[in-house]
Each structure stands twice: as C-alpha cells, then as structure tokens.
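Structure first, commentary second.
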Amino acid sequence: MIHIFTADHSHAKLLSKLGAETFYEWFTEGNNPEDVREYVEEAFSLTQIKKELEEPGTVFMLAQEDDQIAGYMKLRVSDEVSFPGKRCLELHRLYITPDFIRKKVGSIFMKHAIGYATTNGFDILWLGVWEKNERALAFYKKWGFEQFSAHTFMLGNDAQTDLMMKLEVKG
C-alpha cells in the first residue's frame, strides 16, 4: 500500500537525489543531455532543496511503499499567476519513479494535492507542464485541468514552452 507523508529537512538529501534521478529518467529523451544536466545540477542541488524546504507556503510530500520511495510532490503558494479574488496553489513538481507509474501513485498524489488545496482554502490548483509531455498532459486533463496560458521554461539553454493548466477546487 502506498503511504503519503509530508517531508521535512531530514529528507533533503532524499528529495535532491530523487528529483535528479526522476528528472533524468523522464526528460532526457527528446532533450539535449547537457541542458538536462545543467538544469538538474541547479534545480536539485542539496542547497536548492534545503532552500525550498524553508520557503513559506511550500510543502513536499513523499510516497512510499514498504521501504521503497515511489516519488514526490511539491506544492507551493505562488504569485506567478493571478486570478482576481482567488487563492492559488501551484503543483510545482510531481515526480514518480518508473517502477511505480503503473501503481497509480500519480493519482494518489493528485487526490492529496486537491485535498490539501481544499482543506487550506485555495480556489485554484495550477501547474505548468512541458507541451511535449503527452503522458502528463493526458493525466492532468483526465483530472479536469484546463489550459489557461503558456510560458517559457528554460531547460539549460533551451527555451521550452510549458502549458499552464488549472483546476478549480472547492476551498
């Protein structure tokens, strides 16, 4: 059975390693490996993860089955998007290890993300997803997310397009 729990500072090394490994796993294909390496070294360094763990309004959740970590999710209050009169929560990362994709860990995380947003009075759960990540796009659409915008995401030196998607939740 998959167990979801909130990560804390004691999980920083695990989050750094897991983030780097899953990003390499899911995003090396179709991208310049040097751009991926550059991004991973910055985004998932232990220093960066420790900094993110201290950010107000940020929560990391880990998924575990027995003694195996299945993935992690990062939620954060973000002012990157604005919907007047609405409280917005960003699903900033959702990374699942390949062995656990078929075990519905993404759906378990999504239920937790929506529950967290609802319990904490948010109106909108939003995210950015690479326009070429068809598997993720299909997953988010299945959960009712709708595209509302797009923005540039820098993967190393490669300017890519992330589709901005939102789900209205009952806060």
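None of the figures in this text is laboratory data; all of them are computed from the coordinates on show. None of these values were measured; they are calculated from a predicted model.
Under 5 Å between amide hydrogens, built in the peptide plane, is the criterion, and for Lys86 it picks out nothing among residues at least 5 positions away or on other chains.
For n ≥ 4 DSSP H runs only, could you compute -39500 (n - 2.57) per run for the chain, divide by its residues and tell me the 222 nm figure to the nearest 500?
-11000 deg cm²/dmol
Applying a threshold of 28 Å to the alpha-carbon distances of Lys103/Lys142; Lys74/Lys170; Lys13/Lys142; Lys17/Lys104; Lys13/Lys111 flags Lys13/Lys142 as lying beyond it. Per residue, the average separation of C-alpha pairs within less than 8 Å and at least 6 apart gives the chain a relative contact order of 20 percent. Computed from backbone phi with θ = phi - 60° and the Karplus coefficients 6.51, -1.76 and 1.60, the 3J(HN,Hα) list for region 42-49 is 7, 5, 10, 5, 4, 4, 5, 5 Hz; x is used for glycine and proline.
Between region 144-161 and region 25-84, how many Å separate their Cα centres? The two parts, judged by their Cα centres, are 15 Å apart.
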